[in-house]
Amino acid sequence: NAGVTQTPKFQVLKTGQSMTLQCAQDMNHEYMSWYRQDPGMGLRLIHYSVGAGITDQGEVPNGYNVSRSTTEDFPLRLLSAAPSQTSVYFCASSASGAFEAFFGQGTRLTVV
Amino acid sequence: AQSVTQPDIHITVSEGASLELRCNYSYGATPYLFWYVQSPGQGLQLLLKYFSGDTLVQGIKGFEAEFKRSQSSFNLRKPSVHWSDAAEYFCAVGARTSYDKVIFGPGTSLSVIP
């Protein structure tokens, strides 16, 4: 049982580059979300989805896009990377909204 | 607006000693409350949750937490800490009327001295 799988684990980008962080879950959860984790700030919600074809913004959505074409996958796209997006990104899924979430192992992104 | 504070940024305890991590929240009604643990290099794992009922809740790995409405607190406790408990601990609050978001506290880093 893989749970929530994120790829890549580490990534270095140059300012202005774009990339997609992948997230897949095999638990048939309707709810999926993306957080960023910065020192002293806990986790902040970027975007979330309550089911295939439905996405919504969280607390810090600027500079990020998401889509949800299948129940399993919820990719996060950085359109034009900025140093302020240097962070650790976590994908999560849940059968009960944002509650009792299962988290991936994270992607450590550095933008230089 | 909801908010969560964890007053202690970092705590160090000796192995075998008891542990209490503090969490205070701000919310207009009774919230849903959670504690998560993050081991180094890993994602977050749910330790325990409070939805309603008994205000003392038991979780995994020997942890428990007590909801105190009068103090707006949800402190995490463990009677005897093991070296493997060294990790980052996050308190989180959710709204009963909004199942699609939770707010996380800033976290408390726990170090355990052998």
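The values are calculated or read from the model by the stated rules, or taken from the named source; none is laboratory data. All figures in this text were calculated on a predicted structure; none of them were measured in a lab. Don't worry about glycine lacking a Cβ; one is built from the backbone with ideal geometry, like all the others, and counts go over all protein chains shown. Please note that ligands, DNA and RNA were not included when accessible areas were found on the heavy atoms of the full protein model with its side chains. Shrake-Rupley method; radii C 1.70, N 1.55, O 1.52, S 1.80 Å.
The table below gives the values:
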read-out: Residue selected from region B:88-100 under the condition surrounded by fewer than 21 Cβ atoms within 10 Å (Cβ to Cβ) and under 20 Å from B:Gly43 (Cα atoms), by the criterion farthest from the other protein chains (Cβ to nearest Cβ); value: B:Glu88
read-out: Test: residue in region A:31-39 that is assigned to a strand (DSSP E or B) and over 23 Å from A:Val111 (Cβ atoms); value: yes
read-out: Residue tally, condition in contact with a Phe, Trp or Tyr (Cβ under 9 Å, 6 or more places away or on another chain) and in a loop (DSSP other than H, G, I, E, B), over region B:1-11; value: 3
read-out: Within region A:50-66, considering residues that are at the interface with chain B (Cβ under 10 Å from one of its Cβ atoms) and under 25 Å from A:Gln17 (Cβ atoms), the one most open to solvent (accessible area, probe 1.4 Å); value: A:Glu59
read-out: Given (1) open to solvent by 50 Å² or more (accessible area, probe 1.4 Å); (2) in contact with a strand residue (DSSP E or B) (Cβ under 7 Å, 6 or more places away or on another chain); (3) of a type in the set (Gly, Ala, Ser), number of the condition A:Ser69 does not satisfy; value: (2)
read-out: Residue that is surrounded by the fewest Cβ atoms within 10 Å (Cβ to Cβ) [pool: residues in region B:12-70 that are among the aromatic types (Phe, Trp, Tyr) and part of a loop (DSSP other than H, G, I, E, B)]; value: B:Phe51
read-out: Region A:88-112, residues that are under 27 Å from B:Ser39 (Cβ atoms) and more than 14 Å from every other protein chain (Cβ to nearest Cβ); value: A:Leu109, A:Thr110, A:Val111
read-out: Lone unmet requirement of (1) touching a residue at least 24 places away in the same chain (Cβ under 8 Å); (2) open to solvent by 50 Å² or more (accessible area, probe 1.4 Å); (3) under 20 Å from B:Trp35 (Cα atoms) for A:Val4; value: (2)
read-out: Among the candidates B:Ile103, B:Ile113, residue that is among the β-branched types (Val, Ile, Thr) and within 14 Å of chain A (Cβ to nearest Cβ); value: B:Ile103
read-out: Number of positions in region A:60-88 that are under 15 Å from A:Ile46 (Cα atoms) and in contact with a Cys (Cβ under 9 Å, 6 or more places away or on another chain); value: 3
read-out: Whichever residue in region A:54-78 is touching a Lys or Arg at 6+ places or on another chain (Cβ under 6 Å) and without any contact (Cβ under 8 Å) to a residue 40 or more places away in the chain and, among such residues, is farthest from B:Gly41 (Cα to Cα); value: A:Thr55
read-out: Leading residue by the ranking (most open to solvent (accessible area, probe 1.4 Å)) among those in region A:17-44 that are among the small types (Gly, Ala, Ser) and within 11 Å of chain B (Cβ to nearest Cβ); value: A:Gly40
read-out: Filter result for B:Ser111 (assigned to a strand (DSSP E or B), surrounded by fewer than 21 Cβ atoms within 10 Å (Cβ to Cβ) and of a type in the set (Gly, Ala, Ser)); value: yes
read-out: Near pairs, Cβ below 6 angstrom, 6+ apart or cross-chain, from region B:51-77 (under 17 Å from B:Leu110 (Cα atoms) and among the small types (Gly, Ala, Ser)) to any residue that is in a strand (DSSP E or B) and at pLDDT 95 or above; value: B:Gly62/B:Lys78; B:Ala65/B:Trp35; B:Ala65/B:Leu48; B:Ala65/B:Val57; B:Ala65/B:Phe74; B:Ala65/B:Leu76
read-out: Tally, over region A:22-54, of residues that are among the hydrophobic types (A, V, I, L, M, F, W, C) and out of contact with any strand residue (DSSP E or B) (no Cβ under 8 Å at 6 or more places or on another chain); value: 3
